[in-house]
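Undergrad: Before anything else, here's the structure in question.
The values are calculated or read from the model by the stated rules, or taken from the named source; none is laboratory data. The structure presented is a predicted model; accordingly, all values stated were derived computationally and were not measured. Cβ atoms come from the backbone with ideal geometry, glycine included; neighbour counts cover every protein chain shown. Ligands, DNA and RNA are stripped out before the accessible areas are found, and what is left, the full protein with its side chains, is counted by its heavy atoms. Shrake-Rupley method; radii C 1.70, N 1.55, O 1.52, S 1.80 Å.
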Amino acid sequence: YIPSPIARALKGKTSNHVLFIADDMMSEYFGIIIGEMEKRLSGKGYMISLSADKGDPSFVRRVLDWNFDGVIVGSKTMDNSSIQALISSGIPTVILAINEYPVFEGRYGIIYTGLKQGASDAVKAMRKTGRKKIAYVDSLSSREVLSTDYRYQGYLESVEDKVVISGASSQEELEIKVRDAYRKEHFDGILARTDTVALYAIKALKDIGVSVPSDVSVIGFNNTKMCEYTSPTLTSVRIRQD
């Protein structure tokens with residue numbers, strides 16, 4: 001006899017199922033987190049599912065219908081009302097502090113990993129090398145950069161002459177925006193929201209004859225494996241995972 005997790009959940013028992021909600025399904029950083037969760041939970045009979053935030057109220061309703069034992073929110077695009085709905089339902093909820101959030105009603109956990117300070121430190125590191133005009137390149141998204149994003153906030157508090165590149169929903173669109181911004185602003189540094197975006201920016205600059213890092217210094221976020229294999233190797237902010 002093998003008990004059904006769904007039947008157990010319907011009877012008010014645990015489903016042994018945890019959901020991780022992300023906005024970047026291909027992120028190596030999130031993959032590392034899920035791998036660590038798997039190590040800690042697999043021996044206890046739990047399963048972990050990964051889902052992208054769908055950005056609509058029906059997504060939250062579907063999450064609640066599945067009777068997960070817990071939800072971890074790692075999405076910068078999930079709106080506050082959706083997060084509040086998860087917490088209010090009583091399901092154990094943990095938030096990775098990617099954004100600046102309001103104080104939610106109810107019981108929940110929140111994990112701070114120093115994103116804002118990390119962005120500020122990255123800008124300071126470029127300034128020490130003589131960089132004076134540093135641009136911020138946001139992740140791929142049709143939306144403009146979120147003012148609540150901790151990485152963006154760290155950038156804003158560390159620069160006076162701001163150059164923000166955002167609202168690109170594809171690699172090609174982002175490269176065009178980077179090239180156009182460079183021709184107009186002639187920045188000499190880039191803080192990219194992720195390593196992937198940093199590599200797109202480097203390619204865009206090289207395509208118009210800009211040398212990296214001689215002409216423009218570039219720093220990414222997440223310290224993924226790809227940083228080791230780029231030419232030149234990419235400097236990146238390592239996010240604390242312990």
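Undergrad: If a residue must be within 22 Å of Ser120 (Cβ to Cβ) and free of Cβ contacts under 8 Å to residues at least 40 places away in the same chain, how many such residues does region 213-234 contain?
TA: 7
Undergrad: Of all residues being in contact (Cβ under 8 Å) with a residue 24 or more places away in the chain and open to solvent by 30 Å² or more (accessible area, probe 1.4 Å) in region 98-107, which is farthest from the chain's Cα centre (by Cα)? Just the residue, please.
TA: The residue in question is Tyr101.
Undergrad: Answer yes or no: is there a residue in region 166-173 that is surrounded by 15 or more Cβ atoms within 10 Å (Cβ to Cβ) and part of a strand (DSSP E or B).
TA: Looking for residues that are surrounded by 15 or more Cβ atoms within 10 Å (Cβ to Cβ) and part of a strand (DSSP E or B), one finds none in region 166-173, hence no.
Undergrad: Could you identify the single residue in Arg107, Arg127, Arg143, Arg151 that is among the charged types (D, E, K, R), within 27 Å of Lys184 (Cβ to Cβ) and not in a helix (DSSP H, G or I)?
TA: Arg143
Undergrad: Can I ask one more? Kindly indicate whether any position in region 149-162 is out of contact with any Phe, Trp or Tyr (no Cβ under 8 Å at 6 or more places or on another chain), under 21 Å from Asp24 (Cα atoms), open to solvent by less than 60 Å² (accessible area, probe 1.4 Å) and acidic (Asp, Glu).
TA: Yes, the conditions are met somewhere in region 149-162.
Undergrad: Going residue by residue through region 14-21, is there one that turns out to be surrounded by fewer than 16 Cβ atoms within 10 Å (Cβ to Cβ), among the β-branched types (Val, Ile, Thr) and either farther than 21 Å from Asn222 by Cα or free of Cβ contacts under 8 Å to residues at least 60 places away in the same chain (or both)?
TA: Yes, region 14-21 contains a residue that is surrounded by fewer than 16 Cβ atoms within 10 Å (Cβ to Cβ), among the β-branched types (Val, Ile, Thr) and either farther than 21 Å from Asn222 by Cα or free of Cβ contacts under 8 Å to residues at least 60 places away in the same chain (or both).
Undergrad: Follow-up. Just one of Ser158, Ser120, Ser166 is within 16 Å of Ala198 (Cβ to Cβ), out of contact with any Cys (no Cβ under 9 Å at 6 or more places or on another chain) and in contact (Cβ under 8 Å) with a residue 24 or more places away in the chain; which is it?
TA: The match here is Ser166.
Undergrad: When residues of region 26-80 are filtered for being open to solvent by 60 Å² or more (accessible area, probe 1.4 Å), acidic (Asp, Glu) and touching a residue at least 40 places away in the same chain (Cβ under 8 Å), how many remain?
TA: Total meeting the criteria: 2.
Undergrad: Here's another thing I want to ask about it. Look through Asp188, Asp149 and report the one residue that is within 20 Å of the chain's Cα centre (by Cα) and either charged (D, E, K, R) or modelled with pLDDT of 95 or more (or both).
TA: One residue alone meets the criteria, Asp149.
Undergrad: Next question, about the same structure. Which count do you get for residues in region 192-228 that are assigned to a helix (DSSP H, G or I), open to solvent by less than 60 Å² (accessible area, probe 1.4 Å) and either in contact with a Cys (Cβ under 6 Å, 6 or more places away or on another chain) or not hydroxyl-bearing (Ser, Thr, Tyr) (or both)?
TA: Selection size over region 192-228: 9.
Undergrad: Consider only pairs whose beta carbons are under 7 Å apart and that are at least six residues apart or on different chains; among these, list those whose first residue lies in region 83-97 and is over 12 Å from Asp69 (Cα atoms) and whose second residue is aromatic (Phe, Trp, Tyr) and open to solvent by 10 Å² or more (accessible area, probe 1.4 Å).
TA: Ile83/Phe104; Gln84/Phe104; Ile87/Phe104; Ile87/Tyr108; Ile95/Tyr101; Ile95/Tyr108; Ala97/Tyr112; Ala97/Tyr150
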